[in-house]
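Student: First the structure, which I've put down as structure tokens, then a few questions once you've had a look.
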Amino acid sequence: MPEQKTVTIYLTSWQKRMVADHVKGLTAITKAVITSKIDPGSLVKYRVPNDLVSKNKWNFYLSDEQIAHLSEIHGIKAKFSALNVSKELLDSGAIAFH
């Protein structure tokens, strides 16, 4: 079984507000922990208009530095700008906010 890698991304102020809008019950959010269980289908390769994002899925946009770090650790070759976060992705533990 391949080694599970974990990437911790410290959130910017606008990312904290974005997460708080979509993940209820979290307080004092400072970071996202992303594991190698992340589904490649969760990578958003272009900006999706807000009206096309369903109520239970939302795009977690990353800075250029965060994208480079995540890509390097997980070996992601595709160009992307965000992760499409769903309840299922959160429940799987592939991404967690703390």
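Student: When all protein chains stay in place, what accessible area (Å², nearest 10, 1.4 Å probe) is found for K87?
Tutor: About 120 Å², rounded to the nearest 10.
Student: Same structure again: Quote the relative contact order of the chain in percent (integer), defining contacts as alpha-carbon pairs under 8 Å separated by 6+ residues. The partial results should precede the final answer.
Tutor: Numbers: 126 pairs, mean separation 36.6, N = 98.
For the chain, the relative contact order is 37 percent.
Student: While we're on this one: Rounded to a whole number, what % of the accessible area of the chain do carbon and sulfur atoms account for, probe 1.4 Å?
Tutor: Working: 3390 of 6300 Å².
C and S atoms contribute 54 percent here.
Student: Sticking with this structure for a sec: May I ask for the net charge around I34, where only other residues with Cβ less than 13 Å from the Cβ of I34 are counted and Lys, Arg are +1 while Asp, Glu are -1?
Tutor: Values: positive: K5, K31, K37; negative: D39, E72.
So the surrounding residues net to +1.
Student: Project the alpha carbons of segment 54-98 onto their principal axes and report the range along each, largest first, in whole Å.
Tutor: 28, 20, 19
Student: Now, a different point. Give a residue-ordered list of calculated ³J(HN,Hα) values for segment 91-98 (Karplus: 6.51 cos²θ - 1.76 cosθ + 1.60, θ = phi - 60°; whole Hz; x for Gly, Pro).
Tutor: With coefficients 6.51, -1.76 and 1.60, one gets 4, 6, x, 5, 9, 9, 10, 10 Hz.
Student: Output ³J(HN,Hα) for segment 12-18: one whole-Hz value per residue in order, computed from phi by the Karplus curve 6.51 cos²θ - 1.76 cosθ + 1.60 with θ = phi - 60°, and x for Gly and Pro.
Tutor: Working through the residues one at a time gives 7, 4, 6, 5, 4, 5, 4 Hz.
Student: Given a 1.4 angstrom probe, what's the average accessible area per residue across the chain, in square angstrom? The partial results should precede the final answer.
Tutor: Values: 6300 Å² over 98 residues.
Value returned for the chain: 64 Å² of accessible area per residue.
Student: Have a look at the chain and give its Rg and Dmax from the Cα atoms, expressed in angstrom.
Tutor: For the chain, the Cα-based Rg and Dmax read 12.7, 40 Å.
Student: If you plug each phi of segment 20-35 into the Karplus form 6.51 cos²θ - 1.76 cosθ + 1.60 with θ = phi - 60°, what whole-Hz ³J(HN,Hα) values come out, in order, with x for Gly and Pro?
Tutor: Going residue by residue, I get 4, 5, 10, 10, 6, x, 8, 10, 6, 6, 10, 8, 10, 10, 10, 9 Hz, with x marking Gly and Pro.
The values are calculated or read from the model by the stated rules, or taken from the named source; none is laboratory data. As the structure is a prediction and not an experimental result, all values here were calculated from the model. Glycine also receives a Cβ, built like all others from the backbone with ideal geometry; neighbour counts cover every protein chain displayed. When the accessible area is computed, the model is the full protein with side chains, heavy atoms only, and any ligands, DNA or RNA have been set aside. Shrake-Rupley method; radii C 1.70, N 1.55, O 1.52, S 1.80 Å.
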